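J.: Next up is a structure, given as structure tokens.
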Protein chains: 2
Amino acid sequence: MNEKLAVARLKALADPARLKLVRILADLPDEHTLRDERCGTAYGVCFCHLEDRLGLSAPTVSHHLKVLREAGLIEAIRAGRWTYYRLNPAGLNGLLQELAELQPKPIRLELAQ
Amino acid sequence: MNEKLAVARLKALADPARLKLVRILADLPDEHTLRDERCGTAYGVCFCHLEDRLGLSAPTVSHHLKVLREAGLIEAIRAGRWTYYRLNPAGLNGLLQELAELQPKPIRLELAQ
DNA sequence: CAAGACGTTTTATATATATCAAACTGAATC
DNA sequence: GATTCAGTTTGATATATATAAAACGTCTTG
């Protein structure tokens, strides 16, 4: 992952409202999640539910979701008049791998001659 | 980790200059790293080196280091007139664990009766 | 103790951004 | 087609913050 993308993803998560949004999407609340009728696969969580949970205006929630989407952390699906949001697992995984590389390097042993 | 701390750590990393600082500290450049003479354990990287690598003014670099320090991601050590900085592994690890929990939950199987 | 070296803190400023109201868009319904 | 519904985009504003100059604190050295 390039640096710009890593920073964009960190910025996207570095806000209480957006971190909360991601947590809600990670939990997939049964009531407000659109699923495939046959296998139960989750398509996403309804915008209205996210708005309720955040207690922020619709424009503000929409703005935060856009930031997360442009960072590749979530995806949106339109179904008629409603919009459903869900995590993009690849986005979060990419960031996790990037951050894991920042952990202290293991000691390089130099064997005695 | 509480939410405030997680956001503070994400904010701290969500800046090009600070992410670069953390990367430099993760790499521990031999030339500018203070080590224990006997075992070679790294105490930290000299401030002057970080200033050089970032190409920003000393006050700005000092500001960024303070943000990282207050987020618990790095530590500072004074040695005479010089200051050395190093990663605080626990800080980054804590954040990584926090983010790992955001990954999609495994499917809860409901066995047929 | 005076002078210099190395960072930090304070202050000022310009940019970024979180928030909401108002206006807009596209889909469903009458 | 007109109206309503569900979000999004635009515009305005207040707050946060990245940056550097100036002032300061602290340690070393003459």
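The values are calculated or read from the model by the stated rules, or taken from the named source; none is laboratory data. Source: prediction; values computed, not measured. Cβ placement follows ideal geometry from the backbone for every residue including glycine, while neighbour counts extend to all protein chains displayed.
J.: Please give the number of the condition A:Tyr84 fails out of (1) in contact with a Cys (Cβ under 8 Å, 6 or more places away or on another chain); (2) modelled with pLDDT under 95.
T.: (2)
J.: Right, here's the next one. Conditions first: (1) closer than 30 Å to A:Lys20 by Cα; (2) within 16 Å of DNA strand C (Cβ to nearest atom); (3) touching a residue at least 60 places away in the same chain (Cβ under 8 Å); (4) within 11 Å of another protein chain (Cβ to nearest Cβ). B:Arg86 passes all but one, so which condition is the exception?
T.: So the condition that B:Arg86 fails would be (1).
J.: Quick test for you: out of B:Cys39, B:Cys46, pick the one residue that is farther than 15 Å from B:Arg23 by Cβ, away from DNA strand D (no atom under 11 Å from the Cβ) and touching a helix residue (DSSP H, G or I) at 6+ places or on another chain (Cβ under 8 Å).
T.: B:Cys46
J.: Would you pick out the residues in the stretch A:49-61 that are farther than 21 Å from A:Glu31 by Cβ and near DNA strand D (Cβ under 7 Å from one of its atoms)?
T.: A:Pro59
J.: Within the stretch A:63-78, how many residues turn out to be touching a residue at least 12 places away in the same chain (Cβ under 8 Å), more than 19 Å from A:Leu28 (Cβ to Cβ) and not in a loop (DSSP other than H, G, I, E, B)?
T.: Of the residues in that region, 2 qualify.
J.: Could you run through the stretch B:1-58 and say how many residues are surrounded by 13 or more Cβ atoms within 10 Å (Cβ to Cβ), out of contact with any Ser or Thr (no Cβ under 9 Å at 6 or more places or on another chain) and β-branched (Val, Ile, Thr)?
T.: Matching residues across the stretch B:1-58 total 4.
J.: Closer than 23 Å to B:Leu99 by Cα, part of a helix (DSSP H, G or I) and facing another protein chain (nearest Cβ under 8 Å): is that true of A:Leu25 in this structure?
T.: So A:Leu25 does not fit the description; no.
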